[in-house]
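This report concerns only the one structure given below.
The values are calculated or read from the model by the stated rules, or taken from the named source; none is laboratory data. Keep in mind that this is a model prediction, so the values were computed, not measured. Here the Cβ positions follow ideal geometry from the backbone for every residue, glycine too, while neighbour counts run over all protein chains shown. Ligands, DNA and RNA are stripped out before the accessible areas are found, and what is left, the full protein with its side chains, is counted by its heavy atoms. Shrake-Rupley method; radii C 1.70, N 1.55, O 1.52, S 1.80 Å.
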Amino acid sequence: MKSFRYHVLFALIFFNGIYGLHSAISSEIKSEQNSKPNFVVIFADDLGYGDLGVFGHPTIRTPHLDKLAHEGQKWTNFYVAAPVCTPSRAGLLTGRLPIRSGMCSDKRRVLFPDSNGGLPQSEITIARALKENGYKTAAIGKWHLGHKSPYLPTDHGFDSYFGIPYSNDMSKIEKTDHYSLAENERFLAYNVPLMRDDQIIEQPADQRTITKRYAEEAVKKIKEFKDEPFFIYLAHNLPHIPLFRSEEFKNTSLAGIYGDVIEEIDWSVGQIIETLKEQGIAENTLVVFTSDNGPWHIFKTHGGSSGLLQGAKGGTFEGGMREPTVMWWPENIKPGVVMEMGTTMDLLPTFCGLSGTELPADRIYDGYDISPLIKGNGNGERDVVFYYRGERVYAIRKGNYKAHFITQLEYGNRTAHHIIEEHLNIENSPTVLEKPLLYNLAEDPAEKWNIAEEHPEIIAEMKEVLAEHKASIKPVENQLEK
Ligand code: MG
């Protein structure tokens, strides 16, 4: 009897020990996971500030993104580094203004299929920084930072790549307009490649199913990575023209083909969120949704809307560079509307801060760690936004004030507007202003009421900010002109 009691006691101690060990391992795994959150960045192409339901679009339905904004954060003053694709993407992935990496030009706005340059190896992308800290990484979708080695995603810290390496309207091989091609689903007119890592696997890429296939790849990667920290960069090719959508979304939106495209992107966001929940990793995953630049107005109903903002893609008014941004991170984010300034360049320092990844001290970063704003336990550090077009600063925002020194409303400048009538010519060229324009963006987000005459001291301060900034720029080889 005595010996039986000892056996029971021994068994209890043994199992308790095993259970304790198991708990310790579980909590260690959990704390390891928590100390290294996953990051998913979903980057639309040419989506306007006014194109989501939660940002006020009256006829485009985006229930998934609306829900994320409700449960997470809607950012109303979130910017990109440039109003066009290539430099905007360089800014996001490096945390630095594209002028510092040679990824912007006044001669060639973006990289083209005949370009020989790309994001230099001297730059450290989010993927490369996180990978050194044990992250799994995947790039899906539009790259546009160089389609040849050593500029491909797999040369820049991504374990894998699946996507079209540049814009979906490039390599056009049929002479007809984008509208009829999209309406007739003539994807064959654009000889764009679809790549898997560094190999072309389909050409021309069937763009009708591209959004769906990118979503499937993201779902696959989440399942594959679920037990390790990961960073997924999903950059959709759409709604950049020409527009395509899969069979299920054809003629389903009140907003026509453009609406169909956005609603399919919204569906794909839903697929990603559902997968994160299914895999039990939603609470450990920060999801950021935004766009690379404003809508392409000149394509009329095939381009999006800047909502109440003025200007569009290619320009330095708010509509060109302020993006509809949503962040989601259950149990970690402070839900609400964030009106402080943020930019895509803040993502690199933020992700590094949240994951305990060290940043090299040998370079200037233009981003700030915005995790206090995400978690709701502090203020943002950003006070200034530079509005670059190519290699020049056209405008500066400091606090609520924005001064324009050179103006370009959008690509083509074809939209008649009071600002053009009052201050600009309607040529497709930037206007260097004799007298800068000044707006208070808090009171006047649409940049309608110029208050420069009343505030010469603010203009003077802006000029000092500009001079100081210019002094921080070191000449580097231009990658877009190679
Ligand atoms: Mg774009």
Low-density loop GluC sites (Glu not before Pro), region 350-409, at most 15 other Cβ within 10 Å, DSSP non-H/G/I/E/B, are Glu358, Glu381
In the chain the accessible area split gives carbon plus sulfur, as whole percent at 1.4 Å, a share of 53 percent
For Asp106 the rounded accessible area (nearest 10 Å², probe 1.4 Å, non-protein molecules ignored) is 60 Å²
For Cys104 the rounded accessible area (nearest 10 Å², probe 1.4 Å, non-protein molecules ignored) is 10 Å²
Loop-resident trypsin sites (Lys or Arg not before Pro) in region 90-154 with no more than 12 other Cβ atoms inside 10 Å, DSSP not H/G/I/E/B, are Lys107
Rounded to the nearest 10 Å², the 1.4 Å probe accessible area of Leu308 is 100 Å²
Debye calc, one equal point scatterer per Cα of region 308-421, no solvent, log10 I(q)/I(0) at q = 0.11, 0.21, 0.22 1/Å comes to -0.46, -1.20, -1.26
In debye to the nearest 20, the charge dipole size for the chain, taken about the Cα centre with +1 at each Lys and Arg Cβ and -1 at each Asp and Glu Cβ, equals 940 debye
In terms of the charge dipole of the chain, which places +1 on Lys and Arg and -1 on Asp and Glu at the beta carbon, the residue among Gly380, Leu347, Gly314 farthest towards the positive end is Leu347
Per DSSP, the loop-located GluC sites (Glu not before Pro) within region 79-177 having at most 15 other beta carbons within 10 Å are Glu132, Glu174
Between Gly117 and residues 5 or more places away or on another chain, the pairs with built amide H atoms under 5 Å apart involve Lys482
Expressed in angstrom and ordered largest first, the alpha-carbon extents of the chain along the principal axes are 102, 54, 44
Checked against a 23 Å limit on the C-alpha separation, the offending pairs among Lys136/Lys277; Lys398/Lys448; Lys74/Lys136; Lys148/Lys212 are Lys74/Lys136; Lys148/Lys212
Note to self: with every protein chain in place and a 1.4 Å probe, the chain gives an accessible area per residue in Å² of 41 Å²
